[in-house]
Each structure stands twice: as C-alpha cells, then as structure tokens.
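Peer 1: Attaching a single structure in structure tokens format; questions to follow.
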Amino acid sequence: MKRMMAIMVLVVAVPAMAVVNFTATDAGSGKLQIAYTTTDGDLPRGVALRISLSDAAVVDTTAAVFVDPKFNTFIDWAYSNPLNYQVGNGNPLALPTAAGALTADASDFSVSMGVLDQAGGQAAGPASSANLITIQLKKGTADQTTVTITGDTLRGPASGVVGSVLTSNLSQTVVVKFVVDEAIKSTAPIYADWAAFGKPACWAYARNCKGDADGKQVGNPAQGYSYVTTADLNVLISGWNIKEAPKGAGIMSVANAICADFARNAVGNPAQGYARVTTADLNILIGSWNIKEAPKGAGISDCMATGHYNFFLVP
C-alpha cells in the first residue's frame, strides 16, 4: 500500500499536449546537470526520470544534490523515511525498480520529485528550470561516462513529467567527463578559434589575455619582475597585421605570432581581409606594459576571471 501511494502521488495527469524539453549537460568535475523548458502554459507537477551510466560510473550518494527549490517534495525519500517527514527533507534519488530512496551508489537510478503547496496539495512547477538538478557522479572504468536519461515508467509516463504535460524530448544522452583534459573550456567563446589554430599553449598562459605572449617574467629581485615587456612586443610585431587567407599567408605562417592575438578576434572586412594581431592587441599590451609584480608594483591579474579556463599552462 505504501508503495502504491508513493507511485500514485506522481501519476496524476490532465490530458494536454504541452512538451517539456530536457537538456542534460556536463557541469564539470563529474557533475551531471539537467534543465528543462516547456512549450506553453501547461506546467509539470512532478518529474520522474530513469538515469543510467556507462563504464561502471555511479552516482555519489554521499555528495550534496542540488535541486530547483520549487520542486520541494521527494516522494521516495518520504516512503523510506515516513516518521516525521516534512516537505523539503531528503533528496530525489530513488531506486530504479522499486519504491524507496537510493541509499547506495549505483549506475542505474531514478530521480523522483514533485511540487506541493503550503497546504500539502499538488501544485504546478515552474515553466522552465535552468538547473532542475545537479548530481555528482563517480568515475568507473573510464575517464568519462555516457549518461542516458529516460522517463521512469514505474513512477510516471514515458515523458518523465507528470501533471498537465504528456510529452517530452526524452530520451537524452550526454557524456560527462571526470578528468579535465583541456586548459580552455569547450564552452568558452574562444574555444572554436583556439581549436582552429591547433590549440596553441600560449592562449592558456595565465596572463596571455593581458598581453603576455611568452608567459615569462622579466626582471630581477632588486628592480622587480614584469610579465609584459619587450619580448612580448617582439611577438606582437612578428604577427602585426598579417592577413588570413585568401588575402595573406595567415597568422600561423609565423612561429608563435598567434600568441599576440590577445583580444582573440579577427579585425577587417571581406574586401581587405582579416588580421588577428592589430591595434586591439597592441592596446592590451600597452595597458599591461612593464607593470611590476608585487612587492615592486600592483602586478597584473591572471585571466581566470574571464571564465574561459579550466586551468593554466606554463611555458
């Protein structure tokens, strides 16, 4: 009877044809993030998802689970912890083939959650959630895992959503990595250009976006050290206004010249051609020119605040 009650809380639907579109992403450091949007005013009352992981990866049941706070009811947790249960207690991780909360790391599990109002009645969830849930995964036999998300038909319809919504874009798959193997994030706006130029290491030097082409300090203890000096200016000069094909040989025709593309952009027009190292890059270099690092000066900050980097490389 308790099992049936746990399932029936979710299986409540009003015929409609609204669509929920789920998006699963690699949130970094082995985290899976799921979001959704709806197509119209019919709103979900609950979510029931079945999640499987490849390569022996498992969900980490000891790690905190982030859940959109509007989804405040965890049915399977309440089923497994019936005494003095309060709305908001626990988390939505559930057993995949039976009612009850997930208590051990597993490669196959469910996410079960709903929305209740202040009186304990079923209520509508949000029209969209940029972060419905974020779950920590653990590495198995590979440096990544393929995550497959479907509707949990034990707890709800195949759409994975219950309430007034009957359809969704499930199933969905996403690859979640456990090892960060690239200095520049694949989601960074500069990534495509970085990859197109062969992923030059210098773009991932800590202060390259501030005008440091070679990643090195110049100076001595008595006078202090600076990151942006004549050596960097010489790199900029070597690549100055070289046009990309078909108007020129391209920045990669000169060794290390791409390291002076501090602004990460091409300037020009189709008629005259485009160049990667121009006045914009010179202005960046000038702004950092010969600024001494502490204790001889204020120093220049690194580029991590751009949000483009997983880590920095050193020359």
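This table checks each residue for (1) more than 23 Å from the chain's Cα centre (by Cα); (2) modelled with pLDDT of 95 or more; (3) not in a loop (DSSP other than H, G, I, E, B).
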{"position": "109", "(1), (2), (3)": "no, yes, yes"}
{"position": "125", "(1), (2), (3)": "yes, no, no"}
{"position": "132", "(1), (2), (3)": "no, yes, yes"}
{"position": "159", "(1), (2), (3)": "yes, no, no"}
{"position": "162", "(1), (2), (3)": "yes, no, yes"}
{"position": "188", "(1), (2), (3)": "no, no, no"}
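Peer 1: Quick one: which residue in 9, 14 is modelled with pLDDT under 80 and in contact with a helix residue (DSSP H, G or I) (Cβ under 7 Å, 6 or more places away or on another chain)?
Peer 2: Unique residue meeting the criteria: 9.
Peer 1: Which members of the range 43-60 meet the condition of being over 16 Å from residue 113 (Cβ atoms) and surrounded by fewer than 21 Cβ atoms within 10 Å (Cβ to Cβ)? Full working, then the answer.
Peer 2: Initially, the range 43-60 is screened for residues over 16 Å from residue 113 (Cβ atoms), giving 52-58, 60.
Once the filter is applied, which keeps residues that are over 16 Å from residue 113 (Cβ atoms) and surrounded by fewer than 21 Cβ atoms within 10 Å (Cβ to Cβ), the range 43-60 yields 52, 54, 55, 56, 58, 60.
Peer 1: Collect the residues in the range 134-152 that are touching a residue at least 60 places away in the same chain (Cβ under 8 Å) and part of a loop (DSSP other than H, G, I, E, B), keeping them in residue-number order.
Peer 2: 139, 140, 141, 142, 152
Peer 1: Is it true that residue 226 is of a type in the set (Ser, Thr, Tyr), modelled with pLDDT under 95 and either surrounded by fewer than 19 Cβ atoms within 10 Å (Cβ to Cβ) or touching a strand residue (DSSP E or B) at 6+ places or on another chain (Cβ under 7 Å) (or both)?
Peer 2: In short, no.
Peer 1: Might you check whether a residue that is crowded, with 20+ Cβ neighbours inside 10 Å and either of a type in the set (Ser, Thr, Tyr) or not assigned by TED's automatic domain parsing to the domain that holds residue 46 (or both) occurs anywhere in the range 134-144?
Peer 2: There is no residue in the range 134-144 that is crowded, with 20+ Cβ neighbours inside 10 Å and either of a type in the set (Ser, Thr, Tyr) or not assigned by TED's automatic domain parsing to the domain that holds residue 46 (or both).
Peer 1: Scan the range 275-296 for residues that are of a type in the set (Ser, Thr, Tyr) and either surrounded by fewer than 18 Cβ atoms within 10 Å (Cβ to Cβ) or in a loop (DSSP other than H, G, I, E, B) (or both) and jot them down. Walk me through it before giving the result.
Peer 2: So the first thing to find is which residues in the range 275-296 are of a type in the set (Ser, Thr, Tyr), and the list is 278-279, 288.
Within the range 275-296, 278, 279 meet the criteria.
Yes or no, residue by residue, for (1) touching a Leu at 6+ places or on another chain (Cβ under 8 Å); (2) buried (at least 22 other Cβ atoms within 10 Å of the Cβ); (3) assigned by TED's automatic domain parsing to the domain that holds residue 157:
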{"position": "29", "(1), (2), (3)": "no, no, yes"}
{"position": "40", "(1), (2), (3)": "no, no, yes"}
{"position": "74", "(1), (2), (3)": "no, yes, yes"}
{"position": "93", "(1), (2), (3)": "yes, yes, yes"}
{"position": "103", "(1), (2), (3)": "no, no, yes"}
{"position": "112", "(1), (2), (3)": "yes, yes, yes"}
{"position": "127", "(1), (2), (3)": "yes, no, yes"}
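Peer 1: Determine whether the range 38-52 contains at least one residue that is under 23 Å from residue 153 (Cβ atoms), at pLDDT 95 or above and in contact with a Pro (Cβ under 7 Å, 6 or more places away or on another chain).
Peer 2: Yes, that holds for at least one residue.
Peer 1: Still on this structure: Being of a type in the set (A, V, I, L, M, F, W, C) and outside any loop (DSSP other than H, G, I, E, B) is the filter; apply it to the range 250-265 and report the residue that is surrounded by the most Cβ atoms within 10 Å (Cβ to Cβ). Reasoning before the result, please.
Peer 2: First, pick out the residues of the range 250-265 that are of a type in the set (A, V, I, L, M, F, W, C): 251-252, 254-255, 257-260, 262-263.
Cutting the leftovers down to outside any loop (DSSP other than H, G, I, E, B) gives us 251-252, 257-260.
Details: 251: 24, 252: 18, 257: 22, 258: 23, 259: 25, 260: 30.
Among those residues, the one meeting the criterion is 260.
Peer 1: Does the range 94-105 contain at least one residue that is modelled with pLDDT under 95, closer than 24 Å to residue 116 by Cα and of a type outside the set (Ser, Thr, Tyr)?
Peer 2: The answer is no, given that none of the residues of the range 94-105 is modelled with pLDDT under 95, closer than 24 Å to residue 116 by Cα and of a type outside the set (Ser, Thr, Tyr).
Peer 1: Quick check, is residue 171 assigned by TED's automatic domain parsing to the domain that holds residue 106, free of Cβ contacts under 8 Å to residues at least 24 places away in the same chain and under 29 Å from residue 44 (Cβ atoms)?
Peer 2: Yes: the conditions hold for residue 171.
Peer 1: To continue, here is another question. Any residue at all in the range 225-238 that's over 18 Å from residue 282 (Cβ atoms) and assigned by TED's automatic domain parsing to the domain that holds residue 288?
Peer 2: Going residue by residue through the range 225-238, those that are over 18 Å from residue 282 (Cβ atoms) are 225.
Cutting the leftovers down to assigned by TED's automatic domain parsing to the domain that holds residue 288 gives us 225.
Yes.
Peer 1: Residue check: is residue 56 in contact (Cβ under 8 Å) with a residue 40 or more places away in the chain and under 26 Å from residue 157 (Cβ atoms)?
Peer 2: For residue 56, the condition - in contact (Cβ under 8 Å) with a residue 40 or more places away in the chain and under 26 Å from residue 157 (Cβ atoms) - is not met.
Peer 1: Hey, another quick one. Would you confirm whether any residue within the range 204-214 is at pLDDT 95 or above, closer than 30 Å to residue 35 by Cβ and in a helix (DSSP H, G or I)? Write out each step before concluding.
Peer 2: Residues of the range 204-214 at pLDDT 95 or above: 204-214.
With closer than 30 Å to residue 35 by Cβ added as a condition, the list becomes 204, 209.
With in a helix (DSSP H, G or I) added as a condition, the list becomes 204, 209.
Yes - at least one qualifying residue is present in the range 204-214.
Peer 1: Right, something else. Is it the case that the range 236-243 has a residue that's under 34 Å from the mean Cα position of the chain (by Cα) and charged (D, E, K, R)?
Peer 2: Among the residues of the range 236-243, not one is under 34 Å from the mean Cα position of the chain (by Cα) and charged (D, E, K, R), which makes the answer no.
Peer 1: Among the residues of the range 251-274, write down those that are touching a strand residue (DSSP E or B) at 6+ places or on another chain (Cβ under 9 Å) and either over 22 Å from residue 204 (Cβ atoms) or modelled with pLDDT under 95 (or both).
Peer 2: Hits for the range 251-274 are 267, 268, 272, 273, 274.
The values are calculated or read from the model by the stated rules, or taken from the named source; none is laboratory data. All of these numbers come straight from a predicted model, not from anything done at the bench. We place every Cβ from the backbone using ideal geometry, glycine too, and count neighbours over all the protein chains shown.
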